[in-house]
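**Student:** Take a look at this one; I'll ask things after.
The values are calculated or read from the model by the stated rules, or taken from the named source; none is laboratory data. As the structure is a prediction and not an experimental result, all values here were calculated from the model. Backbone-built Cβ (ideal geometry, glycine too); neighbour counts: all protein chains shown. Remember, those area values only see protein heavy atoms, side chains included, never the ligands or the DNA or RNA. Shrake-Rupley method; radii C 1.70, N 1.55, O 1.52, S 1.80 Å.
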Amino acid sequence: MKQKNSFQRWGMGFSLVLILSMILSACGNSATQTEVPTSTPTATSVPLKTLTVCVANEPSSLYIYGNSSQSMWSILEGVYDGPIDTVNYQPSPVILTEIPTQENGGITIQAATVTAGDLVANSEGDVVALAKGVKVFPAGCTSNECVTEWDGASDLQVSQMVVKFKLLADLKWSDGQPLTADDSVYSYQVAADAATQASKVSVKKTQSYQALDGQTVEWVGLPGYLTLNPSSYFWIPLPKHQLSQYTAEQLITANETTRNPMGWGPYMITEWKSGDSITLVKNPNYFRASEGLPYYDRVVFKFLGNIPVTDLTPVVNGECDIIDSSVSMGDQWNTIRSLVLDGKAKDYFGEGPEWEGLNFGINPSSYDEVFNPYLDRANFFGDVRTRQAVASCINRQQIIKMYVFSLGTLPDSYLTPTHPFYVQNLATYPYDVEKGKQLLDEVGWKDTDNDPATPRVARGIDTVLNDTPFIINYVATDTELHSNIATMIKSNLQECGITMNINLLPADQVYAAGPNGVVFGRNYDLAELGWATGSQPSCFLYSTSEIPSAENDWLGTKYGGVNITGYSNTTYDAACEKQLTSGLDKAGLIAANTETMTILANDLPVLPLFYHIKAMISRPDLCGLALDVSSRSGLRNIESLYVSDSCPAD
């Protein structure tokens, strides 16, 4: 499967979840129909076994370097099998013999000589021109324990990764032509072309990408660049024999890439009815055909379109065998459960990787030059005990019950329990009003009239003027979900003597850049946001260097100024730096991640509220379907789906 490119600015284009929300748009092109292969049944043939998958929207394109959408990748699962799937956040080979590692000889480390001005990767993986003061992995070094800072004069050799990817033998494109290493190299060349509208992050970290023979591709990383995820540097093959007649710019609109891409997977596209469906039929050259795969003769992807309330009757009446995860079903959890209990459907749920968090405005931007308690907003959350008190006062389990319909676990970090870097035994904050009140009393927020309906006031708090009422503002985007959650939290906090005003705003106002933006200008008390995480933990979310401020043009130093809380802890920063510069030292990465997660859980700059839920439903007798939230689609094993009265391990 195609791995996700590096993170870009988190604060833009957000509804509930930043960076991971996709824009699904209807395709306005005219339908393209191609002749169905000669295996099309006659009137006396055995009827075709047809699987109908209902997806959210008609994709605007099926080009892997074009406009991406969840519906697009669901459809492409039938066209491309892999080439590398992601299973539980880990790479799994599909058309490769194995995932390259140092242990199996697929990865080697060589020495690369570099001089001033050469492009190298520093110890954090950033592409920079080599200059005095740049920190690098010197030759033979693959962990942060031996990172060196170049003095600008000495001869220098740095570590350089070489990765060899080996394709399975006898792979073929659906037209019968051989699929070779050259096809992956060609895809890399297209991706690297300036005309191709795709991220160049991976390209920039590549020194060379070449075919060594018909089945072997060699990736050589930029000098100094080390990654624990080399699989992301295998480019999805494109049929060079078919597409090389086009320029990279022409490929953006070519029918062979946008409407009828050729693949090596279990199916191939035969018809696209604009506004209605895309039909795929069995690929006679599928490399797993000898195993009797795929089970279905054809797959029809039907477009449901944008509908305010998901209609689940198509699964009951047989119009859809699957409603896939591209369709939002958050308003139908109870209906899904009823269908399952009645034996009319089967459900599939997964948590994350998106999560919802309540961010504390620990250090508003008005504190940056100097904190003046007489002029600035009261320092409500500077004391960690106050943040812990708020956490204890909020009934997160009730929020999950009411608005995630009890489908999620109570989060203690931004990583779900199924994530390989999840840390156990972190500090937790169960709903405990009395504990919350006790902590507020300890800090100096006193209930002077024994009436929770009136706000507590400050008494003897060094950074807050006496008699300051505990009245705060809560910011979120103006959605029904946020409104409901904010109302519940307001009631919870009132019980502890904290008055909360709700301020729901359009997304463009909430996420506008600083200094005027509410969130990225650090102009809030509490802010509810959705984030997402990838295969590795994102400790930089709370690094001091990522606090957006006037000094860094409200963009932080590297990741877009994502530390909107203003939280700063030097011990945390040091552990996060170890995490980001761990190189190939996975044990060091795990240790640093454990430390950052432990500090975050204790210091609580953000309170995780719940993990976002993904869902699919299917006909009750469908076997083989599973939902892995780390995969690009819930249909990654579409070739293995079949019908039976009893499914193993169901």
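**Student:** How about the stretch 227-246: which of its residues are part of a loop (DSSP other than H, G, I, E, B), in contact with a Ser or Thr (Cβ under 7 Å, 6 or more places away or on another chain) and of a type in the set (S, T, N, Q)?
**Tutor:** 229, the sole residue that qualifies.
**Student:** Let me ask something additional. Assigned to a loop (DSSP other than H, G, I, E, B), over 21 Å from the mean Cα position of the chain (by Cα) and buried (at least 24 other Cβ atoms within 10 Å of the Cβ) - does that describe any residue in the stretch 533-547?
**Tutor:** The answer is yes; a qualifying residue exists.
**Student:** Would you kindly identify the helices (runs of 4 or more DSSP H) lying entirely within the stretch 372-476 that contain at least 1 residues that are open to solvent by 40 Å² or more (accessible area, probe 1.4 Å) and free of Cβ contacts under 8 Å to residues at least 40 places away in the same chain?
**Tutor:** Those helices (runs of 4 or more DSSP H) span 396-403, 433-443.
**Student:** Now, a different point. Of all residues in the stretch 244-300, which are over 14 Å from residue 50 (Cα atoms), touching a Leu at 6+ places or on another chain (Cβ under 6 Å) and of a type in the set (Phe, Trp, Tyr)?
**Tutor:** Of everything in the stretch 244-300, those that are over 14 Å from residue 50 (Cα atoms), touching a Leu at 6+ places or on another chain (Cβ under 6 Å) and of a type in the set (Phe, Trp, Tyr) turn out to be 264, 287.
**Student:** In addition: What number of residues within the stretch 625-650 are in a loop (DSSP other than H, G, I, E, B) and within 19 Å of residue 88 (Cα to Cα)?
**Tutor:** 15
**Student:** Could you list, in sequence order, the residues of the stretch 268-302 that are surrounded by fewer than 17 Cβ atoms within 10 Å (Cβ to Cβ) and either closer than 21 Å to residue 61 by Cα or among the aliphatic types (A, V, I, L, M) (or both)?
**Tutor:** Correct list: 273, 274, 275, 276, 289.
**Student:** Considering 463, 448, 418, 487, which residue is touching a strand residue (DSSP E or B) at 6+ places or on another chain (Cβ under 9 Å), within 23 Å of residue 522 (Cα to Cα) and either hydroxyl-bearing (Ser, Thr, Tyr) or at pLDDT below 95 (or both)?
**Tutor:** Only one candidate qualifies: 487.
**Student:** Can you tell me how many residues within the stretch 599-650 are without any contact (Cβ under 8 Å) to a residue 60 or more places away in the chain, open to solvent by less than 40 Å² (accessible area, probe 1.4 Å), out of contact with any Ser or Thr (no Cβ under 9 Å at 6 or more places or on another chain) and aliphatic (A, V, I, L, M)?
**Tutor:** Number of matching residues: 0.
**Student:** For a quick check of your reading of the model, give me the residue pairs whose first member lies in the stretch 498-514 and is touching a residue at least 12 places away in the same chain (Cβ under 8 Å) and farther than 17 Å from residue 481 by Cα, whose second is among the hydroxyl-bearing types (Ser, Thr, Tyr) and part of a strand (DSSP E or B), with beta-carbon atoms closer than 8 Å and at least 6 apart or on different chains.
**Tutor:** Matching pairs, first to second residue: 500/474.
**Student:** Which one is least open to solvent (accessible area, probe 1.4 Å), of the residues in the stretch 477-496 that are over 19 Å from residue 380 (Cα atoms) and assigned to a loop (DSSP other than H, G, I, E, B)?
**Tutor:** 479
**Student:** Here's another thing I want to ask about it. Conditions first: (1) closer than 17 Å to residue 63 by Cβ; (2) in a helix (DSSP H, G or I); (3) not hydrophobic (A, V, I, L, M, F, W, C). Residue 199 passes all but one, so which condition is the exception?
**Tutor:** Exception for residue 199: condition (2).
**Student:** Looking at (1) over 27 Å from the mean Cα position of the chain (by Cα); (2) open to solvent by less than 50 Å² (accessible area, probe 1.4 Å), find the lone condition where residue 317 falls short.
**Tutor:** (2)
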